[in-house]
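Right, one structure below, let's go through it.
The values are calculated or read from the model by the stated rules, or taken from the named source; none is laboratory data. Predicted model only: the values in this text are computed from it and were never measured. With ideal geometry, Cβ positions are generated from the backbone for all residues, glycine too; neighbour counts draw on all protein chains shown. Side chains are part of the model used for accessible areas, which takes the heavy atoms of the whole protein and leaves out ligands, DNA and RNA. Shrake-Rupley method; radii C 1.70, N 1.55, O 1.52, S 1.80 Å.
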Amino acid sequence: MIEVRNLEKHYGGEPVLRDLSFSVEAGEIFGIVGHSGAGKSTLLRCFNGLEKYQGGSVTVMGKEVADLDEGGIKSLRRDMGMIFQNFSLMGRKNVFDNVAFPLQIWDEPKTLGARVNSALRFWAKPQPAITDRVMELLELVGLADKRFERVQNLSGGQKQRIGIARALALNPKVLLCDEATSALDPKTTLNILDLLQDINARFNLTLVVVTHQMEVVKRICHRLLLLDKGVAQCLGKTEELFLSPTETLKKFVDEEYTLIPSGTNIRMMFPRDISQDAVITTMARDLNISFSIVGGKLERYLDDVLGFLIINVPDEHLEAVFRYMREKNLHWEVLGNDRNALQRPL
Ligand SMILES: Nc1ncnc2c1ncn2[C@@H]1O[C@H](COP(=O)(O)OP(=O)(O)OP(=O)(O)O)[C@@H](O)[C@H]1O
Ligand SMILES: [Mg+2]
């Protein structure tokens, strides 16, 4: 579906992608992971012609992206839907109009007069075929009842569902997802991932999922590519890589959180039925102290999903926090700033 051979990309003199070679197979969910600045978004943008590359080759469905003319790029983008972290929707428009937008502009004519007519058409009542398609997509993402709602009034998860519906409007062969769940809370993240997985299975749609969240990769990606400063660090089946991780992958997983050097970093575990927000706000209120939240996420343990939150507690409040966690029967561990120096709970 997508073949990348010896890809080189630089901005000015700065190399951003270096000698990348891999392929994405039709129907798979392919993950691209790496730290901020690794080149993940740039790589995605090379797939759909939004970025030029200076060396090597990117072929999508047999065609070299660099060789495509304007018409070729246009049809390439029709075949590649894209969703983003910030949703990129028209906030003041309603749900229906957002999803209808690509359908209404796709055959945009070239002459000025025809463009004006086309713009007028956009504001007029949509054609029945467009209405049917939009409603079909809204049913798919579970938002048919919100069709008249303004997008700015919806939750992050609902916005991303609309983003997905809009990206699927023109029946793409590939869906590019750039940090699609990074702005969402853990529960909503899982809902969106389930939806993406369902779409992949139902329509055999190829998904390329760019993320820095390992749980996203573990949950839905069949294969993954780990990028570090534009260099491919490992490539393979997700399950195999996690069962016997390379040193770089281990390091990446461990480095997800930069612990605060002062105070004490504590990882609090939350089973599925305990709300993290409630525990944290109650603890802060009951003890009348403040602490920083270093990070948190959901982790999959076998068939279950458990959440954790890493907090940083100033030394003077540590005893009180330990006492509180013991009283409430919470599970926790103290993280040393050197990740190997894991201490036992007091
Ligand atoms: N238009 C641009 N001009 C110059 N440099 C750029 C441009 N876009 C990206 N870069 C640089 O290229 C590198 C890779 O950026 P890119 O956005 O692809 O990283 P990323 O892996 O998607 O990061 P993040 O996780 O933060 O989204 C970074 O060093 C970035 O500063
Ligand atoms: Mg990015």
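Give me the extension gain from THR131 to GLU149: residue separation times 0.36 nm, minus the current Cα-Cα distance, reported in nm with one decimal.
Working it through step by step, the gained length comes to 4.9 nm.
Relative contact order for segment 2-252: what is it in percent, counting Cα pairs under 8 Å that are at least 6 residues apart?
Across segment 2-252, relative contact order equals 29 percent.
Check cross-link reach from LYS251 to the aspartates and glutamates: straight Cα distance under 12 Å, and skip same-chain residues fewer than eight apart.
ASP228
Which percentage, to the nearest 5, of the DSSP beta bridges contained in segment 2-252 is antiparallel?
Beta bridges within segment 2-252, antiparallel portion: roughly 50 percent.
Tell me the net charge near LYS173. Cut-off is 10 Å between Cβ atoms, LYS173 excluded, with +1 for each Lys or Arg and -1 for each Asp or Glu.
0
Quick check on my link table: of LYS63/LYS229; LYS52/LYS237; LYS9/LYS146, which ones sit more than 31 Å apart, alpha carbon to alpha carbon?
With Cα atoms farther than 31 Å apart: LYS9/LYS146.
Report ³J(HN,Hα) in whole Hz for each residue of segment 50-64, in order, from the Karplus equation J = 6.51 cos²θ - 1.76 cosθ + 1.60 where θ = phi - 60°; Gly and Pro get x.
7, 10, 8, 10, 9, x, x, 9, 10, 10, 10, 6, x, 10, 6
Answer rounded, prolate or oblate for segment 2-252, using the Cα gyration tensor with square roots of eigenvalues a ≥ b ≥ c: rounded when a/c is under 1.5, else prolate when a/b is larger than b/c, else oblate.
oblate
In whole percent, how big is the carbon plus sulfur part of the accessible area of segment 150-270, probe 1.4 Å, protein atoms only?
The C+S portion of the solvent-accessible surface of segment 150-270 is 49 percent.
Considering only C-alpha atoms, what is the centroid distance from segment 70-109 to segment 29-62, in Å?
So the separation of the two Cα centres works out to 20 Å.
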